[in-house]
1. Report the net charge of residues surrounding residue 10, where surrounding means a beta-carbon distance below 11 angstrom and charges are Lys +1, Arg +1, Asp -1, Glu -1.
2. Once label points are set 7 Å from the Cα along Cα→Cβ at both residue 30 and residue 107, what is their separation, rounded to one decimal in nm?
3. Here are some values of P(r) over Cα pairs in 5 Å bins from 0, in percent: (1) 2, 9, 19, 23, 22, 16, 7, 1, 0; (2) 1, 8, 11, 13, 12, 10, 9, 8, 7, 6, 4, 3, 3, 2, 2, 1, 1, 0, 0; (3) 1, 7, 13, 14, 11, 11, 12, 12, 9, 6, 3, 1, 0. Which one was computed from this structure?
4. Between residue 21 and residue 39, what length comes free when the chain is fully extended (0.36 nm per residue of separation minus the Cα-Cα distance, one decimal in nm)?
5. Please list 22-29, 74-81, 58-65, 134-141 highest first by mean number of surrounding beta-carbon atoms within 10 Å per residue.
6. I want to check the label-to-label distance for residue 78 and residue 135. Put each point 7 Å from Cα in the C-beta direction and report it in nm to one decimal.
7. Going by a ≥ b ≥ c, the root eigenvalues of the Cα gyration tensor, does the range 1-40 fall in the rounded group (a/c under 1.5), the prolate group (a/b larger than b/c) or the oblate group?
8. Once you order the gyration tensor axes a ≥ b ≥ c over the Cα atoms, which shape class does the range 90-138 get: rounded for a/c under 1.5, otherwise prolate or oblate by comparing a/b with b/c?
Amino acid sequence: MDELDTAILRHLQEDARQPNRAIAQKVGIAPSTCLERIRLLRQRGVIRGYHAEVALPALNRSVQAMVAATVRPLSREVVAEFERSVSRLPEVLSVYTMAGSDDFLVHVTAQDIEHLHAFLLDRFTERREILSFRTMIIYQHLTNQVLDPLPPPSGSGSVTR
């Protein structure tokens, strides 16, 4: 990715609904060039899709929590089954497979604390592979909506003398 691709991506992340012509004007290129660059970014998998960001309370999901879970036996089959089954639960937003003391971090939503408690009792305590879990309520969730590429690690470039 070059600086032009980065600029195009920044504008798409800020507002993916803006017309191609507007993006082209902002980055100083022809609309046809901008459209081709965006097509190539999609083709290369840099742009994975477009979506609408929805307010969770509007969907009756006012409470968010992270659930850290440890499973046993720690095998490929147990991990795959946990990922598959938990990611399909309607309360689950994301499942992260982790290294360290916790095997998974599960981002969940609920209507209220009572629903969250019932969800954990019904969906986590009944699973035999879960050795332990702990829940952390999320008070505020901030995200960085516009990401630029990071520079390569200092040791990965060519060596200059």
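1. Working: positive: 26; negative: 3, 5, 14, 15, 148.
Net charge around residue 10: -4.
2. Calculated label separation equals 4.1 nm.
3. Recomputing P(r) over Cα pairs in 5 Å bins from 0, in percent here picks out (3).
4. Details: separation 18, 0.36 × 18 = 6.48 nm, distance 1.43 nm.
In short, 5.1 nm is gained.
5. Numbers: 22-29: 16.4, 74-81: 11.8, 58-65: 14.6, 134-141: 10.0.
Top to bottom by mean Cβ count within 10 Å: 22-29, 58-65, 74-81, 134-141.
6. 2.3
7. Because its axes are fairly even, with a/c under 1.5, the range 1-40 counts as rounded.
8. Values: a/c = 1.97, a/b = 1.36, b/c = 1.45.
Note, shape of the range 90-138 comes out oblate.
The values are calculated or read from the model by the stated rules, or taken from the named source; none is laboratory data. Owing to the predicted nature of the structure, the values given are computational and were not obtained by experimental measurement. Because the Cβ atoms are built from the backbone with ideal geometry, glycine has one as well, and the counts that use them run over all protein chains shown. Keep in mind that these areas ignore ligands, DNA and RNA; they rest on the heavy atoms of the full protein, side chains included. Shrake-Rupley method; radii C 1.70, N 1.55, O 1.52, S 1.80 Å.
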